[in-house]
Amino acid sequence: MTQENRTGIRYVASAFLLWGILPLYWHYMNNVPALQILANRIFWSFLFIAILLTIKNQWFQVKQALQDWKVVFSILGCSIFISANWFIYIWAVNNGHVIETSLGYYINPLISIAFGTIFLQERLKRWQWIALVLALIGVIIQTIEFGQVPWIALSLSFTFALYGLSKKLLKVEAIISLALETMMVAPFALGYLLYLEGSGTGSFSQIPLPSVVLLIFSGVITAIPLLWFAQGAKRVPLSTIGFLQYLAPTIALILGVFFFHESFTRSDWISFGFIWIAIFIYTLSQINGIQKWFKKKKLVMNSQ
């Protein structure tokens with residue numbers, strides 16, 4: 001393994017570890033309504049990214065990106081999907097649904113695979129189709145057990161998959177994309193926060209100082225893992241990212257059971273079991289495909 005690979009793994013693993021422990025961060029802000037947390041998260045994220053762009057003298061790239069209407073519409077889609085994802089996630093954590101958020105992020109990669117097949121004409125192998133069916137069975141079990149569709153898990157997985165699809169179609173550097181995404185919704189977030197403070201219903205004038213600090217730093221805690229992930233993705237194979245991405249929902253699941261003391265029933269074990277098996281099968285199919293690719297490359301090189 002090269003130094004470049006090791007650096008990439010550290011970046012990606014750090015991003016997923018931070019995403020995994022985020023439920024703790026939002027839990028200690030449960031005295032703030034979810035919509036206000038979202039508005040603060042958007043505004044302070046933009047401010048943090050703006051500072052980074054100023055330091056790196058990259059504002060001209062933002063201006064260039066805004067001149068392309070296709071980029072603008074793609075970024076607008078990214079902004080809508082990631083804002084919806086953040087709101088659902090924060091609301092779910094602060095209302096005792098951490099395990100269901102974990103389920104959503106376990107399902108998410110498989111939804112992304114399905115989107116790749118539908119929208120990008122990517123072909124799936126037989127075992128990959130089997131993995132998708134097993135994951136679907138896991139969701140159906142949850143639906144039957146609760147008597148309703150696990151909307152939190154599905155909403156999280158679909159909004160993040162749509163965000164990923166939009167990012168896939170967008171050929172813009174990570175920090176520029178993130179700056180544009182937050183820039184488009186930051187004025188609405190700031191206007192909402194100013195309105196609340198002006199009407200006396202805002203959180204800044206009512207919550208203790210530690211909570212105010214947490215609100216402000218929600219922008220940093222949002223932007224940093226996204227930037228780490230973008231840096232790591234350049235340096236490591238997709239298969240490695242595939243393994244590491246399950247760190248976040250696994251940590252969230254452990255927190256849900258042992259820290260937040262949410263119930264984890266026999267049907268939960270069965271449902272998650274189907275999804276874990278689906279992930280295992282899909283990962284193995286990816287490894288097999290990568291090994292074949294390397295063998296093919298080796299044969300070509302030897303023939304030369």
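Going by how many other Cβ atoms sit within 10 Å of their own, how do Glu197, Glu100, Glu262 line up, fewest first?
If I rank by nearby Cβ atoms, fewest first, I get Glu197, Glu262, Glu100.
List residues of segment 64-101, by number, whose backbone nitrogen lies under 17 Å from a label position 7 Å along Cα→C-beta of Lys171.
Output list for this probe position: 64-75.
Please give the net charge around Gln3, taking every other residue with its beta carbon less than 11 angstrom from that of Gln3, where Lys and Arg add +1 and Asp and Glu add -1.
Net of charged neighbours comes to +2.
Restricting attention to the alpha-carbon atoms of the chain, what are Rg (one decimal) and Dmax (integer), both in Å?
20.5, 75
Compute the distance in nm between two label points, each set 7 Å from the Cα along the Cα-to-Cβ direction, one at Val149 and one at Ser199.
3.1
Against the empirical 2.2 N^0.38 Å scaling, what ratio does the C-alpha Rg of segment 3-67 come to?
The value comes to 1.52.
I'd like to verify something in the chain: which complete DSSP H helices, judged by Cα projection on the helix axis, reach 24 Å or more and average at least -0.5 on the Kyte-Doolittle scale?
3-27, 34-56, 69-94, 98-119, 126-146, 151-168, 174-199, 209-233, 266-303
A short reminder: the numbers here are calculations on the coordinates, not readings from a lab. Note that the structure is predicted; figures quoted are calculated from it, not measured. For neighbour counting, all protein chains shown are included, and Cβ atoms are generated from backbone atoms with ideal geometry for every residue, glycine included.
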